[in-house]
Amino acid sequence: MHPFLKILDHPFVLMGIVNVTPDSFYDGGAHASAATAMAHARKLVSEGAHILDIGGESTRPGAEAIDEEEECRRILPVIEACAKLPGALISVDTSKAAVARRALDAGATLINDISAGRFDPAMAALAASRGAPVVLMHSRKTPATMQTEVYYADVVAEVKTELRERIDYFLSAGVKQENIILDPGIGFAKRYEDNIALLQNLGALAGLGYHLLIGTSRKAFIGQILGKPASERLFGSLATLAVALDSGAKIFRVHDVGASNDFLKVYAAMRGK
């Protein structure tokens, strides 16, 4: 059994964000060196992270792509060091199969692909050949262009249909059903009202029968509700975790592992989970 499947025995799974980037929307630059990224990773594990999601390329709206070598230069030393930490699995946040391959060789065990294989069709074959769980996130276009001309007639139905297409592609490449994780892509090619509708109707996506991951931490739609910058969106972020847990989400990608862990432990106990 893959180690990822074992951690699903927990009432919830926390994926702590380790951005080794100079330009991510919330903590860009804070952990851009291997040393600061490692210190942050240790802190997240001590706070209860089950997975460390390590990424070297910002995917915020408007972000420009970087090349494979630069992405690997940023993340591989961090992955190699984090793989030696007890208590957490390593996920690589990349849409490039070559980067994912090198990350898996360095000690990562999961792949988190914001493009669900759209940017690099070789990702599916890689995940299959390595037996690696893979996050398939819904989005459209690229990070640089995804917020242009965003329109859905029925966002829940369309996201569900488009995720099912990506599921079929990965299954046809040989990825096992149990190794597929779905992410509706909150904030990715979505308007404010689309994010709200998806969170209100997560059950429709959970009904597809796959593990469901939610990433809402400190995102812009929370800021629109609260009228606050990213640095002041923790409590708003925690509210979304409650909604998502009740709707069938199991994995939560968060910046604030300690607060999220405390919140979800109590909330899950109150809900009998």
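Any read-out appearing in this document is the output of simple, stated calculations on the displayed coordinates, not a laboratory observation. These figures come from a predicted structure and were not determined experimentally. Heads up, the Cβs are rebuilt from the backbone with ideal geometry, glycines too, and the neighbour counts pull from every protein chain shown.
Miscellaneous remarks
- Sparsely packed loop sites in the stretch 146-176 (the GluC sites (Glu not before Pro) outside DSSP H, G, I, E and B with at most 13 other Cβ atoms within 10 Å) comprise Glu149.
- Taking every alpha-carbon pair under 8 Å whose residues sit at least 6 apart, the stretch 3-270 reaches a relative contact order of 18 percent.
- Backbone amide hydrogens, once placed in the peptide plane, bring Leu89 within less than 5 Å of Ile51, Leu52, excluding anything fewer than 5 places away on its chain.
- Here the 3J(HN,Hα) profile of the stretch 183-191, calculated from phi with Karplus coefficients 6.51, -1.76 and 1.60 at θ = phi - 60°, is 9, x, x, 4, x, 9, 6, 9, 7 Hz, Gly and Pro shown as x.
- Additional length obtainable on full extension of the chain from Lys43 to His2, 0.36 nm per residue less Cα span: 12.3 nm
- Note, ³J(HN,Hα) from phi for the stretch 119-133, Karplus 6.51, -1.76, 1.60, rounded to Hz, x at Gly and Pro: 6, 9, x, 6, 4, 5, 5, 5, 4, 5, 5, 9, x, 8, x
- The loop-placed trypsin sites (Lys or Arg not before Pro) in the stretch 131-207, going by DSSP, include none that has at most 12 neighbouring Cβ atoms within 10 Å of its Cβ.
- With both labels modelled 7 Å from their Cα along Cα-to-Cβ, the Arg164 to Glu70 distance reads 3.9 nm.
- Nonlocal amide H pairs with Leu136, under 5 Å, H built at 1.01 Å: Ile181, Leu182, Asp183
- For the stretch 1-115, the direction-averaged projected area of the alpha-carbon convex hull comes to 7.1 nm².
- Segment Ala122-Ala239, extension gain: residue separation times 0.36 nm, minus the distance between their alpha carbons: 38.4 nm
- Between Gln177 and Glu80, the C-beta separation translates, for a Förster distance of 45 Å, into a calculated FRET efficiency of about 0.90.
- Among Ala239, Val266, Ile251 the positive-end extreme of the charge dipole of the stretch 227-273 (Cβ point charges): Ile251
- Tail fraction, Cα-Cα pairs, the stretch 132-208, threshold 21 Å, whole percent: 27 percent
- Gap separating the Cα centres of the stretch 201-255 and the stretch 116-183, nearest whole Å: 19 Å
- Projecting the Cα atoms of Ala98, Leu52, Pro229 onto the charge dipole of the stretch 3-270 (Cβ charges, centred on the Cα centre) puts Leu52 farthest toward the positive pole.
- Using only Cα coordinates, the Kirkwood hydrodynamic radius of the stretch 138-273 works out to 15.7 Å.
- Net dipole in debye of the chain [+1 Lys, Arg Cβ; -1 Asp, Glu Cβ; about Cα centre; nearest 20]: 580 debye
- For the stretch 110-256, a crude dipole built from +1 on the beta carbon of Lys and Arg and -1 on the beta carbon of Asp and Glu, taken about the Cα centre, is about 260 debye to the nearest 20.
- Put simply, the amide H of Ala108, placed in the peptide plane, has no neighbours under 5 Å, leaving out anything fewer than 5 places away on its chain.
- Computed P(r) (all Cα pairs; the stretch 3-270; 10 Å bins; percent): 7, 32, 41, 19, 1
- Inter-site label distance for Leu226 and Asp154 at 7 Å from Cα along Cβ, in nm: 3.4 nm
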